[in-house]
Each structure stands twice: as structure tokens, then as C-alpha cells.
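Quick notes on the structure that follows.
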Amino acid sequence: MARKNLQSEQAGAVDRLLERALPDSRQSSRRSVLRHALALFNAEGIEATTIDDLRRACGQSVGTIYHHFKNKEGVVAALFFVAFDDQSREIAERIAGLDSGQAIVQALIGAYAGWITTQPACAHFVFLARESVAKGPHAQALHERLVKRYQPIDDVLAREVAAGGILPLPEELIPSLVLGATESYARGWLVGRRMATPASYAERLAVAAWRSITSTAPSGH
């Protein structure tokens, strides 16, 4: 019974996300395709899932699917961006108005871990599809979204570096130090290797992330 309730709760979370992204009633067929695509991609894998599989699952014609998304890669990208943009919205709301590095790191990790906890199916798919989207025809769209999401955070952290509040680390290293542990824990939780939710450890993860970019290594290291 508990597992059934959890599955129902997760399905409800996905439905709410899709309705936020595609609120018009005329977009119900798009929502249906994406809802069923999410379940298929997560269960069977992106490569193994065919348009015909999706047609059978959602009850839409192949023509309707192609009309909305052009091809399977279009379905993958559309679903990825719906989820990614919802996560970005959560992050933007949490960091709005913050101007200290520690506060913004704490807000970022809180939002990131919180969204994954409330949207595990979508989070699993984002991790699953990120590389294929980054290497495919929608790579530029992903790059633009990443810049939009992280530029306000990067600006605050850059000011902290200039003021001496953050170590002068290589720019390419900072994202891994800030989000690496949270992402690693979240991946483990999503596949059942961790019991507590990412959100339950968000505060500890934020403390560790802040220390990783502000603490000098002990002498001799």
C-alpha cells in the first residue's frame, strides 16, 4: 500500500509539473505524450524506447507525436527542457535577492535537493538524458539555459572571490565543488542506494560545499 501511494504521489507531482509547463487545455495531447515518455524512458532507457512504444503507451497516433515533436530526439529534448526549466524556476525563486556567497550556495543546494526530492521521476530523467541533449541538436538551447540559471550565482561568487571570501580556484572547478556532493548523493538516492531524501541532507551538503571553496587545505597537502 505504501509503495502504491508513493507511486501515486510521484505521478501527481509529474502531472503538476507538466501542467505548469503546458497549462493550455489544447496542450493536453502534448502533456500525455510527455507523461508516458517519461515513464518509458526511465523504465526502458532512451535508446530502447521507440516511437511505436510511445504510441501504444499514450494512445496518440504516430502522426500526432511527430506533429508535436518531429522525432524521438524532439520528445527527449522537450521532456528534458520541461523538467530542467521547472528546476531552474525553483532555483531562481530561492536565490532571488541574495547577495552573499554563503547564502546563495545554501539556497542553490536547498532548491536543487528539494526539487529532486519532490520530482524524483523527472530528476532521474534529467540525469539520464543530459548527455544526449548536450551532444545533440539541442545543445545550444541547453547551453543558453545553463547560462541563464547559473549566471546570477556565478556573479555573486565572483565578487566573493575578488573580495577574498572564496579561494581563487579555477573557475571550471567551482561547480563540481559546490554541487558535486549533492548530485552524487541524489543519484544514489534515485536508484535506491540511499534511504534519506536529498532534501533531508541539504543543510549539511551546503555547509560542506561552502567549506570546500573557502577553507585552505592543511599544511603539507
Check: Counting only residues that are at negative phi, part of a loop (DSSP other than H, G, I, E, B) and at pLDDT below 95, which one in the stretch 50-67 is farthest from the chain's Cα centre (by Cα)?
Finding: S61
Check: Taking interchain pairs and intrachain pairs at least six residues apart, which have beta carbon atoms under 8 angstrom, with the first residue in the stretch 138-164 and touching a residue at least 12 places away in the same chain (Cβ under 8 Å) and the second part of a loop (DSSP other than H, G, I, E, B) and exposed (fewer than 15 other Cβ atoms within 10 Å of the Cβ)?
Finding: V156/D99; V156/S100; E160/S100
Note to self: Restricting to the stretch 66-88, give me the number of residues that are surrounded by fewer than 18 Cβ atoms within 10 Å (Cβ to Cβ), without any contact (Cβ under 8 Å) to a residue 40 or more places away in the chain and not polar (S, T, N, Q).
What the structure shows: 5
Next item on the list: Give A111, A123 a once-over and let me know the one that is without any contact (Cβ under 8 Å) to a residue 40 or more places away in the chain, crowded, with 19+ Cβ neighbours inside 10 Å, closer than 22 Å to R194 by Cβ and among the small types (G, A, S).
Entry: A111
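Per-residue answers, yes or no, for (1) modelled with pLDDT under 95; (2) hydrophobic (A, V, I, L, M, F, W, C):
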{"residue": "P23", "(1), (2)": "yes, no"}
{"residue": "L34", "(1), (2)": "no, yes"}
{"residue": "A39", "(1), (2)": "no, yes"}
{"residue": "G74", "(1), (2)": "no, no"}
{"residue": "A77", "(1), (2)": "no, yes"}
{"residue": "F80", "(1), (2)": "no, yes"}
{"residue": "A83", "(1), (2)": "no, yes"}
{"residue": "Q87", "(1), (2)": "no, no"}
Checklist line | Index of the failed condition, P152 passing every other in (1) more than 28 Å from S61 (Cα to Cα); (2) in contact with a Phe, Trp or Tyr (Cβ under 7 Å, 6 or more places away or on another chain); (3) surrounded by fewer than 19 Cβ atoms within 10 Å (Cβ to Cβ) | finding: (2)
Checklist line | Every residue from the stretch 140-199 that is assigned to a loop (DSSP other than H, G, I, E, B), charged (D, E, K, R) and within 20 Å of C122 (Cα to Cα) | finding: R193, R194
Checklist line | Positions within the stretch 98-108 being assigned to a helix (DSSP H, G or I) and in contact (Cβ under 8 Å) with a residue 24 or more places away in the chain, in sequence order | finding: G101, Q102, I104, V105, Q106, L108
Next item on the list: Out of the residues in the stretch 12-33 that are part of a helix (DSSP H, G or I) and of a type in the set (A, V, I, L, M), state the one that is surrounded by the fewest Cβ atoms within 10 Å (Cβ to Cβ).
Entry: A13
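The values are calculated or read from the model by the stated rules, or taken from the named source; none is laboratory data. Note that the coordinates shown come from a computational prediction; the quantities given were computed from them, not determined experimentally. Cβ coordinates were reconstructed from backbone atoms using ideal geometry, including for glycine residues, and neighbour counts include every protein chain displayed.
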